[in-house]
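Engineer: This is the structure I have questions about; it appears just below.
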Amino acid sequence: MRLRTFIAAAFILSLAGTAVAQEWIEFKSLEDRFTCNFPDQPTVTQTTYKSQFGADLPAHVYSATEGQSRYLLTVVDYSQIETILAEKAKACPAGAETCRGGGGSTGPGYSRADYNGAIIYATWQFMQRDAKVTHFLWNNIDLVGGHQLHLTNRDLSRTLAGIYMHDQKLYIIEGTVPEGYPEPGLFQQSLGWLDDKGNGIRYQTLYHHAFPAPPRGR
């Protein structure tokens, strides 16, 4: 009798777990050209992201919660980085190369260095948190390369973060779950790229934001 009761209870819990999993939705943003699974319709907040060399860039934060777990996706528009930093550089003292930049490697106002190093800079911001980095690796989502970090926070919650750049936009995705919960890997893996018509994109070879885009797969 006890065995049957246990099996019945396990079956009910299994169904409940399935029901919870089915509540997750596939969210698409044509404006920011991505698709991602969230536990609920995410809240969208407009904000400003300060880049490595001081450009104030427009950004959207997509956020959702499930119990004590938090899911965030920040999308930063880097398309005007050269214009913004070139204008900012006009206030530099005459001959002050340290903020003017120039040449083929740094660009006006260090805009090229800022753009090319955007993934590294965003990764560094995670490393400044009051948390222990337990794993740091290169990763790719549909052949768009980026970084992934695993962090243990002060309260022993776990954060899994990924940073990617595609089509002049920086994507910072992070899921944080309480101590003892499985890391939110499925949230990370659900991220995908869209074209201007909302169709999914996958490349034939590795994509890097500082180089011409490779051919797309079928």
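The values are calculated or read from the model by the stated rules, or taken from the named source; none is laboratory data. The shown structure was predicted, so the numbers you read here are calculated from the model rather than taken from an experiment. Glycine also receives a Cβ, built like all others from the backbone with ideal geometry; neighbour counts cover every protein chain displayed.
Engineer: Anything in the stretch 147-164 that is of a type in the set (Ser, Thr, Tyr) and more than 16 Å from residue 191 (Cβ to Cβ)? List them, or say none.
Structural biologist: 152, 157
Engineer: Specify the residue that is surrounded by the most Cβ atoms within 10 Å (Cβ to Cβ); the eligible residues are those in the stretch 57-76 that are among the β-branched types (Val, Ile, Thr) and closer than 21 Å to residue 121 by Cα.
Structural biologist: Checking each candidate, the answer is 76.
Engineer: Which one of these is farther than 24 Å from residue 189 by Cβ and of a type outside the set (Val, Ile, Thr): 131, 89?
Structural biologist: Answer to the selection: 89.
Engineer: When the residues of the stretch 87-112 are filtered to those that are crowded, with 17+ Cβ neighbours inside 10 Å and not basic (Lys, Arg), which remaining residue is nearest to the chain's Cα centre (by Cα)?
Structural biologist: By that ranking, first place goes to 111.
Engineer: Under 8 Å between Cβ atoms, which residue pairs at least 6 apart in sequence (or on different chains) link something in the stretch 96-114 that is within 16 Å of residue 50 (Cα to Cα) with a partner that is at pLDDT 85 or above and basic (Lys, Arg)?
Structural biologist: From residues that are within 16 Å of residue 50 (Cα to Cα), the pairs are 99/88; 109/88.
Engineer: Counting only residues that are aliphatic (A, V, I, L, M) and under 15 Å from residue 50 (Cα atoms), which one in the stretch 115-146 is surrounded by the most Cβ atoms within 10 Å (Cβ to Cβ)?
Structural biologist: Ranking the candidates gives 118 first.
Engineer: Just the residues that are surrounded by fewer than 18 Cβ atoms within 10 Å (Cβ to Cβ), outside any helix (DSSP H, G or I) and of a type outside the set (Gly, Ala, Ser), please, taken from the stretch 189-200.
Structural biologist: Residues satisfying the conditions are 195, 196, 197, 199.
Engineer: Right, here's the next one. So which residues in the stretch 132-162 are within 23 Å of residue 34 (Cβ to Cβ) and among the aliphatic types (A, V, I, L, M), if there are any at all?
Structural biologist: 137, 141, 143, 144, 149, 151, 160, 161, listed by residue number.
Engineer: Applying the selection to the stretch 40-56, what residues are in contact with an Asp or Glu (Cβ under 8 Å, 6 or more places away or on another chain), surrounded by fewer than 20 Cβ atoms within 10 Å (Cβ to Cβ) and outside any loop (DSSP other than H, G, I, E, B)?
Structural biologist: Result: 48, 50.
Engineer: To continue, here is another question. Taking residue 211 as meeting all but one of (1) buried (at least 17 other Cβ atoms within 10 Å of the Cβ); (2) free of Cβ contacts under 8 Å to residues at least 12 places away in the same chain; (3) among the hydrophobic types (A, V, I, L, M, F, W, C), write down the number of the exception.
Structural biologist: Of the numbered conditions (1) buried (at least 17 other Cβ atoms within 10 Å of the Cβ); (2) free of Cβ contacts under 8 Å to residues at least 12 places away in the same chain; (3) among the hydrophobic types (A, V, I, L, M, F, W, C), the odd one out for residue 211 is (1).
Engineer: Starting from residues that are farther than 11 Å from residue 137 by Cβ and polar (S, T, N, Q), keep the ones in the stretch 147-161 and report whichever is nearest to the chain's Cα centre (by Cα).
Structural biologist: Here the residue is 159.
Residues are listed down the side, and each one gets a yes or a no for (1) in contact with a Cys (Cβ under 8 Å, 6 or more places away or on another chain); (2) within 23 Å of residue 213 (Cβ to Cβ); (3) modelled with pLDDT under 95:
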| position | (1), (2), (3) |
| --- | --- |
| 85 | no, no, yes |
| 120 | no, yes, no |
| 124 | no, no, no |
| 129 | no, no, no |
| 134 | no, no, no |
| 140 | no, yes, no |
| 150 | no, no, no |
| 158 | no, no, no |
| 170 | no, yes, no |
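Engineer: Something else: (1) at pLDDT below 95; (2) more than 25 Å from residue 37 (Cβ to Cβ); (3) surrounded by 13 or more Cβ atoms within 10 Å (Cβ to Cβ); (4) not β-branched (Val, Ile, Thr): which one isn't true of residue 184, the others all being true?
Structural biologist: Tallying (1) at pLDDT below 95; (2) more than 25 Å from residue 37 (Cβ to Cβ); (3) surrounded by 13 or more Cβ atoms within 10 Å (Cβ to Cβ); (4) not β-branched (Val, Ile, Thr), residue 184 fails exactly one: (2).
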